[in-house]
Amino acid sequence: MSSSTDEPTLASGSRSDAREDERAAQTTCFNPNSRFWAIIFTCAMICLLRALENTVVTTALPRIATGLDLGADYAWVTNIFFLTGAAVQPLFGQLANIYGGRWVTIIGSRAV
């Protein structure tokens with residue numbers, strides 16, 4: 001009989017702990033500082049530069065195709081460019097995990 005009275009106490013105790021955790025999570029709020037906005041701006045600029053690079057390749061495609069004498073296979077130039085960029089992203093992600101995102105971004109921007 002004593003075990004049946006202990007079970008509701010444990011259940012209600014765990015519920016009150018969960019409620020306290022929810023209240024604590026609700027009271028903490030996110031306040032973005034200047035570092036947060038600098039990171040967001042940097043990520044936006046990287047995306048913008050990548051889109052600009054893709055636009056340049058697409059615009060220059062007719063001249064690239066005539067220079068390489070590709071004929072009807074000119075679409076492969078853009079596809080290879082985009083696929084190469086997509087294939088290299090996991091590599092740079094792993095390098096960023098190992099060496100830190102700052103150095104990988106700096107070296108990557110200098111290499112291109």
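The values are calculated or read from the model by the stated rules, or taken from the named source; none is laboratory data. Computed from a prediction, not measured in an experiment: that's the story for all the values here. Methodologically, a virtual Cβ is constructed for each residue, glycine included, from the backbone with ideal geometry; neighbour enumeration extends over all protein chains shown.
One residue stands out in the stretch 59-71 among those that are surrounded by 13 or more Cβ atoms within 10 Å (Cβ to Cβ) and touching a residue at least 12 places away in the same chain (Cβ under 8 Å): the one that is nearest to the chain's Cα centre (by Cα), namely Leu61.
Can you confirm whether Phe30 is at pLDDT below 85 and surrounded by 11 or more Cβ atoms within 10 Å (Cβ to Cβ)?
no
Quick one: in the stretch 81-103, of everything that is in contact (Cβ under 8 Å) with a residue 12 or more places away in the chain and over 14 Å from the mean Cα position of the chain (by Cα), which residue is nearest to Ile46 (Cα to Cα)? Across the stretch 81-103, the extreme among qualifying residues is Gly85.
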